[in-house]
Amino acid sequence: MISLVSSSVASLVALVALVALTPALAGYIVRSVLKGFGYLNQKKSEARRALIRARVRVEEEDYRSRRARQTASSKPSRLEEEDWETVDKDGGSSSTSSGDAKNYNDWAGIVGFFHPFCNAGGGGERVLWAAVDAVQKRWPKAICAVYTGDHDVDKATMLKNIERRFNIQLHPPTVVFLYLSTRRYVLSSTWPHFTLLGQSIGSLIVAYDAFTLLVPDIFIDTMGYAFASALSHYLFPEVPTGSYVHYPTISTDMLESLDDASGSKGLNSGAGKGWKGVAKKRYWHAFAQLYGWVGSTIDVVMCNSSWTSAHIQSLWLPARRKRGIQYQAASVVFPPVAVSELETIKIDLKSEREVRQPAILYIAQFRPEKNHQLILHAFARFLKQYNATAESRGSKDPKADSESDGNSSRSPQLILIGSVRHQTSDETHIYNLRLLAHELRIRDNTTFLCDANWPTVIENLRKSSIGVNAMWNEHFGIGVVEYQAAGLISVVHDSGGPKQDIVVDLDDEGATGFHATTEVEFAAAFEAALALPEEEKLAMRLRARKSAQRFSGQQFEKKWLCEMEKLVELQVKRTSA
């Protein structure tokens with residue numbers, strides 16, 4: 001009897017142990033299978049890897065040969081003279097200390113940048129290309145492989161677009177473009193229902209597509225597809241992963257917006273009503289937990305603003321600590337802005353009177369979340385009041401006395417500048433915006449500039465008085481920093497990065513712009529900014545320019561390379577272990 005009881009107890013203990021170990025055992029099996037797939041994938045891509053290196057060597061020799069001929073016949077270009085001569089001689093940029101073994105100055109690995117929409121021309125793309133530029137200067141022997149779905153743009157055209165849009169000149173031989181065939185799976189239109197989960201699953205498909213093309217030595221997601229980095233972690237544990245987060249896929253603000261009754265908190269504002277709303281809340285909360293687990297697998301995390309960092313920390317940090325990730329906290333790496341180039345724009349009384357016009361400038365991609373509609377409505381309200389005030393002063397046509405009364409009497413203009421992702425939805429969106437401008441009777445005072453080049457952007461920054469941004473919880477706002485560097489008075493949405501990081505009071509010197517939320521508030525801010533006395537306008541413009549120094553390209557490069565060195569060190573340690 002005692003023997004029977006002992007046997008039963010032993011069986012029960014064994015059963016409990018098996019149940020307890022089953023999740024861990026299942027997890028171990030899944031990880032092993034994924035690692036096996038990764039190993040086979042690496043073996044298959046070795047030939048392509050060797051081919052890429054051979055092609056880079058050929059292009060490098062051809063580039064140096066052409067540069068030698070150019071140098072013999074004429075003065076070298078700025079890029080060759082200032083950047084690459086320094087790199088060739090010193091083996092790295094001056095922003096990092098030389099002689100320190102941990103800097104791995106001769107590192108010659110392949111950095112894979114996961115950015116399926118690299119030709120989009122927005123702020124995220126500026127970050128990508130500035131990052132590639134920094135890596136090229138810091139590690140001249142490294143190869144920067146960019147995974148893209150832009151099949152309609154070849155390498156030469158892409159590099160020209162980068163220089164035209166962002167004034168960034170890359171070293172062509174060590175930039176490689178790998179063309180994805182599955183980009184459609186990360187489009188929101190592909191997933192009309194359960195879009196967050198669908199796009200995340202889609203990013204896994206696209207990432208696997210990328211890995212079949214090439215397995216890099218370091219994998220960096222620069223678009224915000226955290227699931228892609230997680231897949232890399234499980235397929236290739238020895239490959240360090242990095243993520244530059246522009247905007248959390250889901251945030252507590254998004255969850256709160258479902259219960260917002262004002263309708264001013266993004267595209268899903270007030271969508272939590274009824275049984276569908278309750279279901280959506282539960283779905284979003286479940287996805288937030290999944291998103292936190294995914295973020296715990298990434299080695300190095302960078303965020304573009306304090307707002308983004310706060311949300312990423314709340315979602316990812318607990319799981320990262322539990323997993324024991326070496327670099328647990330996310331770093332804030334502000335996006336690069338062409339601050340030094342824009343400082344050529346003069347800020348003085350003469351420019352205020354002769355160059356600046358009562359123009360309101362909005363630089364943003366033509367996408368629904370940028371909320372161009374709000375600005376069109378606010379501008380229509382402001383213009384109506386402006387014209388009524390002008391008429392009450394005896395001027396039936398505000399344009400008529402622009403010759404005699406200076407810039408202040410010119411009719412205000414709204415200038416919308418932005419790139420277009422050549423998709424039907426975006427083109428339809430622009431058409432609807434033009435239609436709205438017509439319906440609001442501000443068509444003659446509104447200008448749309450699609451895919452404008454950099455000189456056009458600078459010219460409009462030079463002549464405009466106000467820079468506006470209307471996106472709710474804009475993750476950062478590169479355009480807003482450009483406004484500040486150019487001396488514009490900013491009027492931004494009272495949320496996100498523009499509120500927390502950019503349009504802030506400069507120490508004890510005063511404000512650098514205005515915040516607004518509603519149509520009425522934006523219209524009032526336009527009126528208040530244009531009504532400022534000349535001296536106060538100049539003072540605010542100068543404060544804004546001083547504030548913009550925090551977001552220069554040099555500051556970005558310094559912080560980016562600091563994070564990159566962590567990834568390079570991890571890669572060297574893992575491959576040599």
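Relative to the current alpha-carbon distance between Lys141 and Lys276, full extension at 0.36 nm per residue lengthens the span by 43.2 nm. Peptides 58-68, 311-321, 237-247 ranked from most to least packed by the mean count of surrounding Cβ atoms within 10 Å: 237-247, 311-321, 58-68. Taking 0.36 nm per residue of sequence separation and removing the Cα-Cα distance, the Thr428/Thr157 pair yields an extension gain of 95.0 nm. Cross-link pairs exceeding 20 Å in C-alpha to C-alpha distance, out of Lys384/Lys499; Lys350/Lys537; Lys499/Lys559; Lys43/Lys137; Lys370/Lys559, comprise Lys384/Lys499; Lys499/Lys559; Lys43/Lys137; Lys370/Lys559.
Taking 0.36 nm per residue of separation and subtracting the Cα-Cα distance, full extension of the segment from Ala329 to Glu354 would add 4.1 nm.
Backbone phi angles across the range 474-487, fed through the Karplus curve with coefficients 6.51, -1.76 and 1.60 (θ = phi - 60°), yield HN-Hα couplings of 3, 4, 9, x, 4, x, 5, 5, 4, 4, 5, 4, 7, x Hz in residue order; Gly and Pro are listed as x. For the range 339-551, the calculated P(r), taken from all Cα-Cα distances in 5 Å bins from zero up to the bin holding the longest distance, is 1, 7, 16, 20, 22, 17, 10, 5, 1, 0 percent. A simple charge model with +1 on the Cβ of Lys and Arg, -1 on the Cβ of Asp and Glu and nothing else charged puts the dipole of the range 339-551 at about 400 debye relative to its Cα centre. FRET efficiency for the Gln289 to Val33 pair, using the beta carbon distance and R₀ = 30 Å, is estimated at 0.80.
No lab work stands behind these numbers, since they all come straight from the coordinates. Model, not experiment: these values are computed from the prediction. Cβ: placed from backbone, ideal geometry, glycine included. Neighbour counts: every protein chain shown.
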